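Novice: Structure below; questions to follow.
The values are calculated or read from the model by the stated rules, or taken from the named source; none is laboratory data. No experiment lies behind these values; they were computed from the predicted model shown. Cβ sites come from the backbone with ideal geometry, for glycine too, and all protein chains shown count toward neighbours. These area figures cover heavy atoms from the full protein model, side chains too; ligands, DNA and RNA do not enter into them. Shrake-Rupley method; radii C 1.70, N 1.55, O 1.52, S 1.80 Å.
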Amino acid sequence: MSGFHASVLTLYPEMFPGALGLSLAGKALQDGKWSLDAVQIRDFANDRHRSVDDTPAGGGAGMVMRADVLARAIDHVAPPHDNRPRLLMSPRGKPLTQARVRELAVGPGATILCGRFEGVDQRIIEARELEEVSIGDYILSGGEPAALVLLDAVVRLLPGVMGNDISGDEESFEGGLLEHPHYTRPQEFEGRAIPDVLVSGNHARIAEWRRQKALELTRARRPDLASGLNGKD
Ligand code: SAH
């Protein structure tokens, strides 16, 4: 098998491919441009109750996913010779960036562990060298929506997935800037016209206008991104 292969470890395999079975990602999945298996973690429990979690050491609320069960699941889908990165979706992780998404998209795929409850036993993170990845500073009830977000961002970059390969390079973040605003017909909407420059036919002026707007937007909304651009404009 060629292309990007994702293995997702989850207590809810029914959530996959989910939204990724539709539209561009779904078509690409059907066409074999990427592949996905969603593996039920519970299948690797070995007690009568098939338990995957237990109470936290030291006390407190909630449950913690067991390291031994997770180790069996991980070793099953990603044996030691498997060179795909092993990711753990986690609010404590490094925030996902377009740069990391690009790296993943040129690689062989990923094994993605989705947490539930209070999260996973720390020892599985260390013992299997999991890379913790966050999709933002908020708490989800489980890692599955985060895995879908990460995969959506990766899959659209795979060769042949986006109809127009150029558009990928002009998106927000790709040049370190947020993208300029877009307009389309009608020429006038509720008294608001499309900016003259965009209908001028002057491609140099249009490019300059877009770059200016991108800079203004980035400075106003994301000074953290804009700070890296000083001197470049
Ligand atoms: N007690 C944890 C939160 C657990 S939320 C804490 O306070 O840090 C349950 C699971 O949802 C996590 O194990 C993780 O897999 C997933 N999750 C929640 N928020 C996330 C986020 N922002 N990014 C990625 N995964 C997240």
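Novice: Would you call residue 107 surrounded by fewer than 17 Cβ atoms within 10 Å (Cβ to Cβ), more than 16 Å from the ligand (Cβ to nearest atom), in contact (Cβ under 8 Å) with a residue 60 or more places away in the chain and closer than 21 Å to residue 37 by Cα?
Specialist: On the way: surrounded by fewer than 17 Cβ atoms within 10 Å (Cβ to Cβ): yes; more than 16 Å from the ligand (Cβ to nearest atom): yes; in contact (Cβ under 8 Å) with a residue 60 or more places away in the chain: yes; closer than 21 Å to residue 37 by Cα: yes.
Judged against the criteria, residue 107 is a match.
Novice: Residues being out of contact with any Ser or Thr (no Cβ under 9 Å at 6 or more places or on another chain) and either more than 16 Å from the ligand (Cβ to nearest atom) or open to solvent by 70 Å² or more (accessible area, probe 1.4 Å) (or both): count how many of those fall in the range 78-96. Give the steps one after another, and end with the answer.
Specialist: Kept after step one, since they are out of contact with any Ser or Thr (no Cβ under 9 Å at 6 or more places or on another chain), are these residues of the range 78-96: 79-81, 83, 88.
From the residues that got through so far, the ones that are either more than 16 Å from the ligand (Cβ to nearest atom) or open to solvent by 70 Å² or more (accessible area, probe 1.4 Å) (or both) too are 79-81, 83.
Result for the range 78-96: 4.
Novice: Is there a residue in the range 52-73 that is within 14 Å of residue 114 (Cβ to Cβ), touching a Lys or Arg at 6+ places or on another chain (Cβ under 6 Å) and surrounded by fewer than 20 Cβ atoms within 10 Å (Cβ to Cβ)?
Specialist: Taking the range 52-73 and keeping what is within 14 Å of residue 114 (Cβ to Cβ), we get 52-53, 65, 69-70, 73.
Still in the running and touching a Lys or Arg at 6+ places or on another chain (Cβ under 6 Å): 52.
After this cut, where a residue has to be surrounded by fewer than 20 Cβ atoms within 10 Å (Cβ to Cβ) as well, the list is none.
No, that holds for no residue.
Novice: If you don't mind, there's one more thing I want to ask. Taking the criterion of being of a type in the set (Val, Ile, Thr), under 30 Å from residue 177 (Cβ atoms) and within 14 Å of the ligand (Cβ to nearest atom), would at least one residue in the range 110-118 satisfy it?
Specialist: As a first pass, look at the range 110-118 and keep what is of a type in the set (Val, Ile, Thr): 111-112.
In the following step, the residues that additionally are under 30 Å from residue 177 (Cβ atoms) were identified as 112.
In the following step, the residues that additionally are within 14 Å of the ligand (Cβ to nearest atom) were identified as 112.
Yes, the range 110-118 contains at least one residue that is of a type in the set (Val, Ile, Thr), under 30 Å from residue 177 (Cβ atoms) and within 14 Å of the ligand (Cβ to nearest atom).
Novice: Filter the range 119-131 down to residues that are outside any strand (DSSP E or B) and within 16 Å of the ligand (Cβ to nearest atom), then give me how many there are. Spell out how you get there, then give the answer.
Specialist: So in the range 119-131, the residues outside any strand (DSSP E or B) come out as 119, 121-130.
After this cut, where a residue has to be within 16 Å of the ligand (Cβ to nearest atom) as well, the list is 119, 121-126, 128, 130.
Summing the residues that are outside any strand (DSSP E or B) and within 16 Å of the ligand (Cβ to nearest atom) in the range 119-131 gives 9.
Novice: Would the range 153-170 turn up any residue that is under 30 Å from residue 27 (Cβ atoms), within 16 Å of the ligand (Cβ to nearest atom) and under 20 Å from the mean Cα position of the chain (by Cα)?
Specialist: yes
Novice: Is it fair to say residue 43 is open to solvent by less than 40 Å² (accessible area, probe 1.4 Å), more than 23 Å from the chain's Cα centre (by Cα) and within 23 Å of residue 121 (Cα to Cα)?
Specialist: Against the criterion (open to solvent by less than 40 Å² (accessible area, probe 1.4 Å), more than 23 Å from the chain's Cα centre (by Cα) and within 23 Å of residue 121 (Cα to Cα)), residue 43 does not qualify.
Novice: Here is a follow-up. Looking at 179, 188, which one is among the acidic types (Asp, Glu) and touching a residue at least 12 places away in the same chain (Cβ under 8 Å)? Can you show your working first?
Specialist: Numbers: 188 fails: touching a residue at least 12 places away in the same chain (Cβ under 8 Å).
The unique qualifying residue is 179.
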